[in-house]
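Data block below; observations after.
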């Protein structure tokens with residue numbers, strides 16, 4: 001892992017910041033998140049919460065908090081429920097030079113904003129992200145991991161995340177250069193990207209990869225900071241392993257989004273190897289032909305796995321076509 005300059009404690013004071021939080025039907029978790037932002041050593045200039053569709057309970061929860069918090073808390077409405085559309089609604093109204101994202105089920109440490117902002121004293125930095133400690137419903141933490149690589153996109157199109165539940169020893173590591181980050185703990189220089197891609201399918205996997213590739217295409221570097229860790233209290237079951245849960249979201253939409261972002265951002269010279277990876281190789285979670293053989297061995301049920309393969313390939317081809325349209 002390539003080491004980067006250490007974070008600087010006094011270079012963030014001139015930078016304005018906007019925290020944007022799309023929220024949907026989790027008013028208690030959102031309230032806890034907003035209260036954690038009230039205890040920052042450097043307060044954000046504004047926090048923008050977007051309530052979506054007919055989610056009145058989120059709207060009302062924020063309205064009750066607006067006069068009680070030590071930062072400007074703005075409330076916007078997005079008629080369509082969806083993470084990316086809500087984020088773009090907030091982005092259009094944001095005034096900060098640095099855009100910070102966190103999920104509504106996150107609790108931020110007191111130095112979260114200050115540490116993010118500090119890296120932008122270097123004009124070459126376009127985005128910064130950090131890890132999360134996930135918590136079960138009973139409050140206990142997930143098992144720790146020391147898996148690498150972190151935040152990488154290979155030349156042939158495979159992505160590596162590994163940006164959560166990291167072993168405690170890694171808290172002392174220096175920041176490293178990466179290709180992409182995760183939206184529960186992310187900041188982006190506003191001048192380094194256009195907007196969040198709105199063509200992804202729910203649950204909008206890969207929108208962070210898209211925005212990070214926008215950042216890299218403008219010549220900026222992307223950093224992963226091991227020391228700025230949020231606490232995450234997830235309730236979404238979209239990413240349950242195996243073949244349980246909603247396969248439309250877990251497998252087919254995820255494959256569509258992966259293909260879209262690769263087609264949108266790949267040079268022509270990488271079209272063939274990346275299509276080979278998507279369609280012939282793939283992964284257990286988004287199978288191509290080879291991964292489908294492994295899935296049959298692991299999960300059984302030949303007929304189901306063949307049906308998953310056929311539909312996965314169809315979604316990936318459609319996603320690739322959409323990505324090419326967006327590129328032109």
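What the table shows:
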item: Options 259, 238: the member that is in a helix (DSSP H, G or I) and either modelled with pLDDT of 95 or more or surrounded by fewer than 22 Cβ atoms within 10 Å (Cβ to Cβ) (or both); result: 259
item: Test result for residue 89, under 28 Å from residue 15 (Cα atoms) and touching a residue at least 24 places away in the same chain (Cβ under 8 Å); result: yes
item: Subset tally (residues that are within 18 Å of residue 228 (Cβ to Cβ) and assigned to a loop (DSSP other than H, G, I, E, B)) for the stretch 147-176; result: 11
item: First in the stretch 102-116 and more than 16 Å from residue 42 (Cα to Cα), second anywhere and part of a helix (DSSP H, G or I), Cβ under 6 Å, 6 or more apart; result: 104/29; 104/30; 104/33; 105/29; 106/33
item: Residues of the stretch 259-301 that turn out to be touching a strand residue (DSSP E or B) at 6+ places or on another chain (Cβ under 6 Å) and either touching a residue at least 60 places away in the same chain (Cβ under 8 Å) or at positive phi (or both), as a count; result: 0
item: Condition check for residue 226: crowded, with 22+ Cβ neighbours inside 10 Å and in contact with a helix residue (DSSP H, G or I) (Cβ under 7 Å, 6 or more places away or on another chain); result: no
item: Qualifying residue in the stretch 135-148 (condition: closer than 26 Å to residue 285 by Cα, touching a residue at least 60 places away in the same chain (Cβ under 8 Å) and crowded, with 22+ Cβ neighbours inside 10 Å); result: no
item: Residue 194 being surrounded by 21 or more Cβ atoms within 10 Å (Cβ to Cβ), assigned by TED's automatic domain parsing to the domain that holds residue 80, outside any helix (DSSP H, G or I) and more than 14 Å from the chain's Cα centre (by Cα); result: no
item: Residue 325 loosely packed, with under 13 Cβ neighbours inside 10 Å and modelled with pLDDT of 95 or more; result: yes
item: Which listed residue, of 58, 31, is outside any loop (DSSP other than H, G, I, E, B), modelled with pLDDT of 95 or more, touching a helix residue (DSSP H, G or I) at 6+ places or on another chain (Cβ under 8 Å) and over 19 Å from residue 89 (Cβ atoms); result: 31
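Rundown of residues vs (1) more than 19 Å from residue 204 (Cβ to Cβ); (2) touching a helix residue (DSSP H, G or I) at 6+ places or on another chain (Cβ under 9 Å), yes/no style:
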position: 291; (1), (2): yes, yes
position: 294; (1), (2): yes, no
position: 299; (1), (2): yes, yes
position: 302; (1), (2): yes, yes
position: 307; (1), (2): yes, no
position: 313; (1), (2): yes, yes
position: 318; (1), (2): no, yes
position: 326; (1), (2): no, yes
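The values are calculated or read from the model by the stated rules, or taken from the named source; none is laboratory data. None of the values given here were measured: they were computed from a predicted structure. Here Cβ is always computed from backbone atoms with ideal geometry, including for glycine, and neighbour counts include all displayed protein chains.
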